[in-house]
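Undergrad: Take this structure first; my questions come after.
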Amino acid sequence: MRVLIRVLSLFVCLSWIGQASAQLEFEVTEGLTGAQPIAIVPFANNGAEIDVAQVIEDDLVRSGLFYGLARGDMLERPSEPKAIDYRNWKAVNMDNIVIGSMQTDPGSGRVTVRFYLFDVLRGEQKLGFEMPPTSPENLRYTAHQIADLIFEKLIGIPGVFNTKIAYVASKGYGLDRTYALMVADWDGYNPRTVARSREPLMSPQWSPDRKSLAYVGYDRGRSSIYLHNVRTGQVRSLVSEKGINGSPAWSPDGKRLAVTLSYESNPDIYIIDIASGNKKRLTTAPGIDTEPAWSPDGQNLVYTSERGGPPQIYMVSASGGSPKRMTFEGRQNLRASFSPDGTQLVLVNLQDSRYRIALLDVEDRSMKILSDGRFDEGPSFAPNGAVIIYATQGPQGAELATVSTDGRVRQRLRQKGDVREPAWSPLLKK
Amino acid sequence: MYKNLVLSLLVGGSVALAGCSSASKKDSSAGMSDNSADRFTSGANDISGQGTQVGSRQDDTSGLALSQRTIYFEFDSSDLTAEGKAIAANFAAYLVSRPTAKLRLEGHADERGTREYNVGLGERRANAVQQALLANGASGAQLSIVSYGEERPAVDGHDEDSWAQNRRVEIVQL
């Protein structure tokens, strides 16, 4: 038996600004029938408050692609490879087993987590890592990293357990209504308030380097597009023309922002160079052009346009030219954005008086409806392209939902008050 | 047999470090102050007043009917109804009689459709009211426009009645 331990110095920046707020409650509403069994044995010497094995299991189970083994059903609890008796795991029909241990440095109090992933049927090691030492309160992120490593090994695509979601929470009516731009871990943990206002906050979008959010805010009857560094708290108003300043979308290189402005005539798409502030007008059609999104290669943009009547999705080169209509099914199609590999668009489709989330194949234009609400909107791809998060109307108000691109796994994220406009962060850059 | 393989994968490296160390603890809502209650004088609560009162406002010495300050719209429409035209005519007369007076036209949409598209619809409605005011003699310098799309509903609810009350332009005297 060969055991490999790799030391990971994966660095995660954890300083989030603002006070903690109400946390989103997470529920898997539809899982995969063919999910894989995996046993996550409690880690040895888990003295910290955070149960690392439990966080890993929760991550994997919430992906909908795995199911776990209750601790009471474990016939042994090994923490070292040589202590594993595979018969004990075959007996409970596990395909894979994760074991681990933790070591606290008495001086610094920092904790080192070591874990192994074993194939039960073959008795083979698939992974072995020693994670970088971390303070006990940050062990949740170490657990997410471990879950990412396991997920990528077994599923073949990157995990998104160390990602964030930004969203807008609002509550109250009339004069009491308040808006908060929030950032939380993908599973709803560690919610932080990035910005708060008594006027609407809209359309948050992550910069490709994951350091900043672009969003729309209002101040005394005027809207602006803000760039907000979520680590330093530094805020800059990028544009605040007369009329609409909306729909910010970062170019893949992070240097430009596509936006909607209406100061020259009606809502049109502009590209703003972030460093200089220079604007270039991209569309000129009468009627509304809005909701731009870049292709992953930065060559094209899709956007919502009334140029042919009711709103449909069009694609135009980032350097200008004549747009090409992309959607033909349904009364309206709105707010498209590209999948990370550029082969699909996720959008909002209006058909039979229902706004639902749909996938459009960029090549053959075939459309697949993914959601079943009446007012579903604001779809955003997870950075691994396997899951979409969107806003939907729940029994208690607006909430967030996720659906896998194959439509088989569904989850809900909700809290008191309305939650909407989710934006899934990029992966930490390797 | 154990074999140790050391892999140093430094992610985000010094840049991420710098980002962390310079993070400040202060509330970062600097982008928008939230202490100005005065920007909520828009009459968002005035949707029930269907009657046309005369001279109800303290500052309204012209005797014009300005109490009805909300103009409603049909679904997917930015055309003024007869009632909407009458309200606009009242405000146009007010602006003509008071050249220093200023109005803000706040456009709104119902919840159906995407949020940024609805900002466009709200602006189109505010523009329609602006055109009516200009056609009745108001000056462009007296008018400003903002669209809140579906972000500031007048009433809660997911039915035709609620939507009809939320598709509106509110006229705010500045």
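Values quoted throughout were computed directly from the atomic coordinates according to the rules given, and no laboratory measurement underlies them. Computed from a predicted structure; not experimentally measured. For neighbour counting, all protein chains shown are included, and Cβ atoms are generated from backbone atoms with ideal geometry for every residue, glycine included.
Undergrad: Taking the Cβ-Cβ separation of A:GLU27 and A:THR112 as r and a Förster radius of 35 Å, what is the calculated FRET efficiency to the nearest 0.05? Provide the component values of the computation, followed by the final result.
TA: Numbers: r = 33 Å, r/R0 = 0.95.
Computed FRET efficiency for A:GLU27 and A:THR112: 0.55.
Undergrad: Follow-up. I need B:LEU105, A:LEU127, A:LEU282 ordered by Cβ neighbour count within 10 Å, fewest first. Spell out each step's value before the answer.
TA: Values: B:LEU105 26, A:LEU127 19, A:LEU282 22.
With the fewest neighbours first, B:LEU105, A:LEU127, A:LEU282 line up as A:LEU127, A:LEU282, B:LEU105.
Undergrad: Between 0 and 90 degrees, rounded to the nearest ten: what's the tilt of helix A:52-62 against the longest Cα principal axis of chain A?
TA: Value to nearest ten degrees: 50.
Undergrad: Please give, to one decimal in nm, the separation of the simple spin-label points placed at A:THR343 and A:ASN45, each 7 Å out from Cα toward the Cβ.
TA: Spacing of the two 7 Å Cα→Cβ label points: 4.6 nm.
Undergrad: Would you list A:PHE26, A:PHE129 from fewest to most Cβ contacts within 10 Å? Numbers along the way, then the final one.
TA: Details: A:PHE26 17, A:PHE129 23.
In order of increasing Cβ crowding within 10 Å: A:PHE26, A:PHE129.
Undergrad: Same structure again: GluC sites (Glu not before Pro), restricted to the stretch A:326-430: which are DSSP loop and have at most 13 other Cβ atoms within 10 Å?
TA: A:GLU363
Undergrad: Nearest 5 percent is fine: what portion of the DSSP beta bridges confined to chain A is antiparallel?
TA: Roughly 95 percent of the DSSP beta bridges within chain A come out antiparallel.
Undergrad: Ratio of alpha-carbon Rg to the 2.2 N^0.38 Å globular estimate for the stretch A:343-430, to two decimals, please.
TA: Values: Rg = 13.1 Å, N = 88, 2.2 N^0.38 = 12.1 Å.
Output field value: 1.09.
Undergrad: Please give the length that would be gained between A:ASN278 and A:ARG354 if that part of the chain were fully extended, namely 0.36 nm times their separation in residues minus their C-alpha to C-alpha distance (nm, one decimal). Present the calculation step by step, with values, prior to reporting the outcome.
TA: Working: separation 76, 0.36 × 76 = 27.36 nm, distance 3.92 nm.
Gain on stretching A:ASN278 to A:ARG354: 23.4 nm.
Undergrad: Using 0.36 nm per residue, how much length does the chain from A:ALA91 to A:LYS324 gain when fully extended, once their Cα-Cα distance is taken away?
TA: Numbers: separation 233, 0.36 × 233 = 83.88 nm, distance 5.82 nm.
Going from the current span to full extension adds 78.1 nm.
Undergrad: Which ordering of A:VAL235, A:VAL419, A:VAL98, B:VAL96 is given by a fewest-first count of other beta-carbon atoms within 10 Å? Don't skip to the answer; put the middle values down first.
TA: Working: A:VAL235 20, A:VAL419 27, A:VAL98 23, B:VAL96 16.
By the 10 Å Cβ count, ascending: B:VAL96, A:VAL235, A:VAL98, A:VAL419.
Undergrad: On to the next question. Compute the distance in nm between two label points, each set 7 Å from the Cα along the Cα-to-Cβ direction, one at A:GLN396 and one at B:SER97.
TA: That separation, rounded to one decimal, is 5.2 nm.
Undergrad: Continuing with this model, one more query. If R₀ is 51 angstrom, what is the calculated FRET efficiency for the pair A:ARG307 and A:GLN36, using the beta carbon separation as r and rounding to 0.05? Write out the running numbers ahead of the final one.
TA: Values: r = 47 Å, r/R0 = 0.93.
Once the sixth-power term is evaluated, E becomes 0.60.
Undergrad: With a sphere of radius 11 Å drawn around the Cβ of A:ARG325, what net charge do the other residues whose Cβ falls strictly inside it have (Lys, Arg +1; Asp, Glu -1)?
TA: On the way: positive: A:ARG307, A:LYS324, A:ARG365; negative: none.
Around A:ARG325, the surrounding residues sum to +3.
Undergrad: Return the long-range amide H neighbours of A:LYS126 (sequence gap of 5 or more, or a different chain), with a cut-off of under 5 Å between placed amide H atoms.
TA: Result for A:LYS126 returns A:LEU117, A:PHE118, A:ASP119.
Undergrad: From the helices alone, meaning DSSP H stretches of at least four residues, give me the mean residue ellipticity at 222 nm for chain A, per-run term -39500 (n - 2.57), in deg cm²/dmol to the nearest 500.
TA: Working: 3 runs with 32 residues, N = 430.
Result for chain A, helices only: -2000 deg cm²/dmol.
Undergrad: Please compare each pair in A:LYS279/A:LYS324; A:LYS211/A:LYS255; A:LYS368/A:LYS416; A:LYS211/A:LYS279; A:LYS242/A:LYS280 to a cut-off of 20 Å on the Cα-Cα distance and tell me which ones are over it.
TA: Values: A:LYS279/A:LYS324 23 Å; A:LYS211/A:LYS255 13 Å; A:LYS368/A:LYS416 32 Å; A:LYS211/A:LYS279 23 Å; A:LYS242/A:LYS280 16 Å.
Check vs 20 Å cut-off fails for A:LYS279/A:LYS324; A:LYS368/A:LYS416; A:LYS211/A:LYS279.
Undergrad: OK, next. Can you tell me which of A:GLN396, A:GLN415, A:GLN332 moves the most in a GNM of chain A? Springs connect C-alpha atoms under 10 Å apart.
TA: Judging by the Gaussian network model, the answer is A:GLN396.
Undergrad: In whole Å and largest first, what semi-axes does the C-alpha gyration tensor of chain A yield when each eigenvalue is scaled by 5 and square-rooted?
TA: Working: eigenvalues 346, 111, 76 Å².
Each semi-axis is √(5λ); the values are 42, 24, 20 Å.
Undergrad: Here's something else I'd like to know. List the trypsin sites (Lys or Arg not before Pro) within the stretch A:263-351 that DSSP assigns to loop and that have no more than 15 neighbouring Cβ atoms inside 10 Å. Don't skip to the end; give the middle numbers.
TA: On the way: sites: A:LYS279, A:LYS280, A:ARG281, A:ARG307, A:LYS324, A:ARG325, A:ARG331, A:ARG335; in loops: A:ARG307, A:ARG331.
Loop-located and lightly packed - A:ARG331.
Undergrad: Once Lys and Arg get +1 and Asp and Glu get -1 on their Cβ, which of A:MET102, A:VAL113, A:THR142 lies farthest toward the positive end of the dipole of the stretch A:66-196?
TA: Projecting each Cα onto the dipole axis, the largest value belongs to A:THR142.
Undergrad: Below 9 angstrom from the Cβ of A:ASP289, what's the summed charge of the other residues (Lys, Arg +1; Asp, Glu -1)? Mind dumping the intermediate values first?
TA: On the way: positive: A:ARG307; negative: A:ASP268, A:GLU291, A:GLU306.
Counting the neighbours of A:ASP289, the net charge comes to -2.
Undergrad: Just to confirm my numbers, what's the Cα centroid distance between the stretch A:371-429 and the stretch B:87-106 in Å?
TA: 44
Undergrad: First select every other residue whose beta carbon is under 15 angstrom from the beta carbon of A:GLN415; then total the charges, Lys and Arg +1, Asp and Glu -1. Write out the running numbers ahead of the final one.
TA: Values: positive: A:LYS171, A:ARG192, A:ARG412, A:ARG414, A:LYS416, A:ARG420; negative: A:GLU25, A:GLU27, A:ASP185, A:ASP187, A:GLU399, A:ASP418, A:GLU421.
Local net charge: -1.
Undergrad: To continue, here is another question. Taking the Cα centre of the protein assembly as shown as origin, work out the dipole magnitude from +1 charges on Lys and Arg Cβ and -1 charges on Asp and Glu Cβ, in debye rounded to 20.
TA: Details: 67 positive and 70 negative charges, 280 e Å.
Taking the Cα centre of the protein assembly as shown as origin, the dipole is about 1340 debye.
Undergrad: To continue, here is another question. If you average the alpha carbon positions of the stretch A:271-323 and of the stretch A:110-124, how far apart do those two centres end up, in angstrom?
TA: 49
Undergrad: Here's something else I'd like to know. How many nm separate the modelled label positions at A:SER240 and A:ARG374, each set 7 Å beyond the Cα in the direction of the Cβ?
TA: Result for the modelled spin labels: 3.9 nm.
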